[in-house]
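Take a look at the structure set out below.
The values are calculated or read from the model by the stated rules, or taken from the named source; none is laboratory data. These numbers come from a predicted model, not from an experiment. Cβ sites come from the backbone with ideal geometry, for glycine too, and all protein chains shown count toward neighbours. Side chains are part of the model used for accessible areas, which takes the heavy atoms of the whole protein and leaves out ligands, DNA and RNA. Shrake-Rupley method; radii C 1.70, N 1.55, O 1.52, S 1.80 Å.
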Amino acid sequence: MAETLRVSGLEAWYGESKVLHGMEFCVRAGEVVTLLGRNGAGKTTTLKSIMGLMDRRAGSIRLDGAEIVAAPPYEIARKGIAFCPEERGIFSSLSVRENLMLPPRVAEGGLPIERILELFPNLKERLDSQGTKLSGGEQQMLALGRILHTGARILLLDEPTEGLAPVIIQEIGRTIAELKALGFTILLVEQNVGFASALADRHYVVELGRVVDEIPGSELESRLGTIKSYLGL
Ligand code: ATP
């Protein structure tokens with residue numbers, strides 16, 4: 001399988017504080033790959049760096065072989081990468097429909113709203129509801145659905161299960177599996193090992209701004225003890 005993303009020697013800073021110290025990993029076309037690790041390990045910063053959102057970053061991020069480490073976010077978006085942040089970024093004064101329509105089409109092949117609503121049937125009944133009226137699960141679905149409208153084929157998802165009830169987590173898991181079946185490439189930050197193990201082809205463990213282990217999906221169960229100790233569980 002071709003490498004879609006190749007991150008090497010990636011460093012990033014908040015002001016003077018360096019938080020990524022040479023991240024190394026790759027994501028192949030059509031894979032779901034997770035970044036696992038404790039709070040503060042640098043997972044979100046890695047996604048933000050790929051999206052061009054960190055002011056100061058260095059090293060290399062290759063997208064289909066082309067260097068993008070210095071590109072601004074709008075260029076990265078146009079190349080087909082989308083970021084779904086942990087805080088979801090729903091516009092609370094806008095309706096579900098308006099939130100879905102808002103992001104511009106940046107690449108060919110964005111899913112039409114009707115198709116997005118097939119993937120997230122809950123949103124169909126809430127189309128005219130204001131963002132503030134949505135449950136946490138509905139907000140997460142809207143945040144995911146919204147990036148599918150843009151035409152992005154590579155999805156960076158930051159803790160989509162955070163704070164959600166088990167039944168909603170299952171639903172989000174089903175949707176991510178469906179997106180994989182549709183050919184999307186997904187880099188997922190997760191703390192929920194059960195959720196990650198059901199979905200991902202491979203996992204990278206992140207500690208103190210570095211990848212310290214790579215675990216194939218098939219080995220996650222047998223290495224659960226090691227993983228729990230990495231995560232401090
Ligand atoms: P979490 O699950 O808590 O988000 P994470 O693995 O995603 O954990 P990051 O959010 O990438 O970790 O944080 C990496 C480091 O950068 C941490 O030490 C954190 O305190 C620091 N950090 C994160 N955001 C900022 C910020 N805006 N300004 C300064 N330091 C930050």
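Here are the numbers for this structure:
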{"item": "Whichever aspartates and glutamates have a C-alpha closer than 15 Å to that of residue 18, once near sequence neighbours (fewer than 8 apart) are set aside", "result": "55, 207"}
{"item": "Simple label model, 7 Å out from Cα along Cβ direction - residue 118 to residue 219, nm", "result": "3.9"}
{"item": "Percent breakdown of C-alpha pair distances by 5 Å bin, ordered from the shortest bin, for the stretch 90-233", "result": "2, 9, 18, 20, 18, 13, 9, 7, 3, 0"}
{"item": "Positive-end extreme of charge dipole, the chain - chosen from 27, 110, 144 (charges on Cβ)", "result": "110"}
{"item": "Fraction of the pair-distance distribution of the stretch 1-133 above 22 Å, Cα-Cα pairs, percent", "result": "47"}
{"item": "Placed amide H near residue 213: partners under 5 Å, 5+ positions off or other chain", "result": "205"}
{"item": "Scattering profile of the stretch 158-233 at q = 0.15, 0.21 Å⁻¹ [log10 I(q)/I(0), Debye over alpha-carbon scatterers]", "result": "-0.53, -1.03"}
{"item": "Whole-angstrom gap from the stretch 91-112 to the stretch 22-44, using each part's C-alpha centre", "result": "27"}
{"item": "Fluctuation leader among 77, 58, 200 - the chain, Gaussian network, Cα springs under 10 angstrom", "result": "58"}
{"item": "Fraction of beta bridges assigned by DSSP in the stretch 145-233 that are antiparallel (%, nearest 5)", "result": "55"}
{"item": "Residues with amide H under 5 Å from that of residue 31, placed H, sequence gap 5 or more", "result": "186"}
{"item": "Solvent-accessible heavy-atom area per residue, rounded to whole Å², over the chain at 1.4 Å", "result": "44"}
{"item": "Carbon and sulfur %, accessible surface of the chain computed with the full protein complex present, 1.4 Å", "result": "51"}
{"item": "Magnitude of the charge dipole, the chain, Cβ model with Lys/Arg +1 and Asp/Glu -1, debye to 20", "result": "240"}
{"item": "Cα-derived Rg over Rh, computed across the stretch 124-182 with Rh taken as Kirkwood radius", "result": "0.95"}
{"item": "Size of electric dipole in the stretch 1-91: Cβ of Lys, Arg +1 and of Asp, Glu -1, about Cα centre, debye, nearest 20", "result": "80"}
{"item": "Lysines whose Cα lies under 30 Å from that of residue 180, excluding same-chain neighbours fewer than 8 positions away", "result": "43, 48, 79, 124, 133, 228"}
{"item": "Among 196, 179, 208 the positive-end extreme of the charge dipole of the stretch 159-222 (Cβ point charges)", "result": "179"}
{"item": "Choice from 199, 144, 127 showing the highest fluctuation, given a GNM over the chain with Cα pairs closer than 10 Å", "result": "127"}
{"item": "Fluctuation leader among 93, 222, 49 - the chain, Gaussian network, Cα springs under 10 angstrom", "result": "222"}
{"item": "Antiparallel bridges, percent of DSSP beta bridges restricted to the chain (to nearest 5)", "result": "60"}
